Structures are given as C-alpha cells and as structure tokens.
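The values are calculated or read from the model by the stated rules, or taken from the named source; none is laboratory data. Here the structure is a predicted model, which is why all the values come from computation and not from measurement. We place every Cβ from the backbone using ideal geometry, glycine too, and count neighbours over all the protein chains shown.
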Amino acid sequence: MYKCEFFVYEKDKPFSVCIRPYKENDFDGLIEIQSECFPPPFQSDLWWNKEQLASHVKLFPEGALCVSVDGELAGSLTGLRVNFDPAHPDHTWEEITDNGYIRNHHPEGNSLYIVDISVRPKYRKLGLGKLLMQSMYHVVIDKGIDRLVGGSRMPGYHKVSNSISPQQYLEKVMSGELRDPVVSFLLRCGRMPVAVVKDYLEDEESCHYAVIMEWKNPFKNEGAPGNGI
C-alpha cells in the first residue's frame, strides 16, 4: 500500500510530511478539512460524509490518499477507476462519481478519475496539493492506467462571466492573462484541458461549468494493444 514520508520547506523551516491511504479514524478530520476548503456559497451537503468515505476505503483504497504535516491531517485526494472516452467528455460530477460514493468504481477502468482534492488553507503554501496529485500519478503508473482525469472547477469565472464565454476564460487562463485558483493549479500539476463542460456541478462561482483535465500515463503508448477505450 502506498506510503511516502519526506520533508517540505516554507522558507527555511522544515515540515515533516506523510502521504498515505486514509482510514476510518481519519474521517472526522477529513470532513473538517472539507468545511475549511469549501465554505459558502459552496453547498455543505457536498462535503464528504462518513458513508462516502467508508465506500472509498472499501472499494478503492489506493485512490483514497491523505497527507499529514507534523502529524496533523492536512488534506486528501480521492479517485476511482472508470472507462472514460476523451472524444465524449460531457458528464456531471454526480454521474461519474456516483454522487461521491464511487459504487460505480470499475477495477479495470482505463482512467483514474479524481473525485476531490482538498488541502487546509493554512497549509497551502507548502505545495501539498501538487504532491498529492503526483502521488496519484504514481498509482496510475503502477497500475498501468491510461490516464488520470477529472473535472476542474473554474471559481474565478463568475467575475468575468458577463463579458467572456467559459472557453474564452480557459484560453485566457492558459495564456497567463488570467489566473484561476483551481485551473491554474492543475496546469502547474501537469494536467491538460480536454473540454469545457456545462452543468458539471452546482457551483455558483464557476457558473456551474468545469474544465475536464487529464494527465496521460507517459509509459502507455497511444494506439498500442490494450490501450484503447
């Protein structure tokens, strides 16, 4: 089972970090982190509940990772395996994640789909989100999965939605003209846009849009036998 221990630095101060699968005794802390990461207007009923977390641990423990800093739970990243066709990217978060319960997890699915990533605000300067994402890339490689994919919120879009389309907003973020807290972060993690989708999630800040973004397994050859949809 995946476990990685190392140090990160903020200026010259070291912090001890551990990334590992989360377990039942982490559930209260993970829900607390969700409340810190997704305050109003984000809907509180979209935070994790213990039944969802238990399902993650049972169905795909390799896709249920958490990170601690000096022993304090600091964030999590959750995924499931699905069959995803980039040529037909339209879907909602509820559909592809089974409303966060991942009971539709496909053990042989060609894609590892990111359900959620959350890092306590006070620890975000340490780069933990990127480290969690890189850990999930390790899972993709280890299991020979074609890609990691997921929907990115566009929380900065509501500020300019009266003047530009969601696609134009994405293009401006990619060119560096605008910065989006989530899309820009995922670009720095190596994720690439596949498509903008409408009504992905009840998310006023994103005007209910999302960008489907992927990271392709560099050890899989496109078009090779067994690498198709």
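Every residue, every condition in (1) of a type outside the set (D, E, K, R); (2) within 19 Å of the chain's Cα centre (by Cα); (3) surrounded by fewer than 17 Cβ atoms within 10 Å (Cβ to Cβ), yes or no:
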| site | (1), (2), (3) |
| --- | --- |
| Lys3 | no, yes, yes |
| Tyr22 | yes, yes, no |
| Glu32 | no, yes, yes |
| Asp45 | no, yes, yes |
| Asn49 | yes, yes, yes |
| Leu59 | yes, yes, no |
| Glu62 | no, yes, yes |
| Ala74 | yes, yes, no |
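Quick one: would you say Glu10 is surrounded by fewer than 17 Cβ atoms within 10 Å (Cβ to Cβ) and in contact with a strand residue (DSSP E or B) (Cβ under 9 Å, 6 or more places away or on another chain)? Before you say what the answer is, go through the steps one by one.
Working: surrounded by fewer than 17 Cβ atoms within 10 Å (Cβ to Cβ): yes; in contact with a strand residue (DSSP E or B) (Cβ under 9 Å, 6 or more places away or on another chain): no.
When the stated conditions are applied, Glu10 does not pass them.
So for the stretch 140-161 (the condition being of a type in the set (Asp, Glu) and part of a helix (DSSP H, G or I)), does at least one residue qualify? Step through it out loud before you land on a result.
Of the residues in the stretch 140-161, the ones of a type in the set (Asp, Glu) are 142, 146.
From the residues that got through so far, the ones that are part of a helix (DSSP H, G or I) too are 142.
Within the stretch 140-161, one or more residues are of a type in the set (Asp, Glu) and part of a helix (DSSP H, G or I).
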**Request:** Could you tell me whether any residue of the stretch 117-125 is in a helix (DSSP H, G or I) and among the aliphatic types (A, V, I, L, M)?
**Result:** no
**Fill in**
When the stretch 188-207 is checked residue by residue, the ones that are under 26 Å from Gln43 (Cα atoms), among the hydrophobic types (A, V, I, L, M, F, W, C) and not in a strand (DSSP E or B) are Leu201, Cys207
**Complete:** Filtering the stretch 197-211 for residues that are surrounded by fewer than 21 Cβ atoms within 10 Å (Cβ to Cβ) and at pLDDT 95 or above leaves a count of 5
**Complete:** Among the residues of the stretch 46-103, the number that are under 14 Å from Leu148 (Cβ atoms), in a helix (DSSP H, G or I) and of a type in the set (Gly, Ala, Ser) is 1
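Does Ser118 satisfy being among the hydroxyl-bearing types (Ser, Thr, Tyr), free of Cβ contacts under 8 Å to residues at least 12 places away in the same chain and within 21 Å of Leu201 (Cα to Cα)? Working first, answer last.
Working: among the hydroxyl-bearing types (Ser, Thr, Tyr): yes; free of Cβ contacts under 8 Å to residues at least 12 places away in the same chain: no; within 21 Å of Leu201 (Cα to Cα): yes.
In short, no.
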**Request:** Sort out which residues of the stretch 58-84 are under 18 Å from Ile31 (Cβ atoms), without any contact (Cβ under 8 Å) to a residue 40 or more places away in the chain and in contact with a helix residue (DSSP H, G or I) (Cβ under 7 Å, 6 or more places away or on another chain), and write them in order of number.
**Result:** Thr78
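Within the stretch 164-173, does at least one residue satisfy the condition of being part of a loop (DSSP other than H, G, I, E, B) and modelled with pLDDT of 95 or more? Walk me through how you get there before you give the answer.
Going through the stretch 164-173, the residues part of a loop (DSSP other than H, G, I, E, B) turn out to be 164-165.
Narrowing the set further to residues that are modelled with pLDDT of 95 or more leaves 164-165.
Looking through the stretch 164-173, at least one residue is part of a loop (DSSP other than H, G, I, E, B) and modelled with pLDDT of 95 or more.
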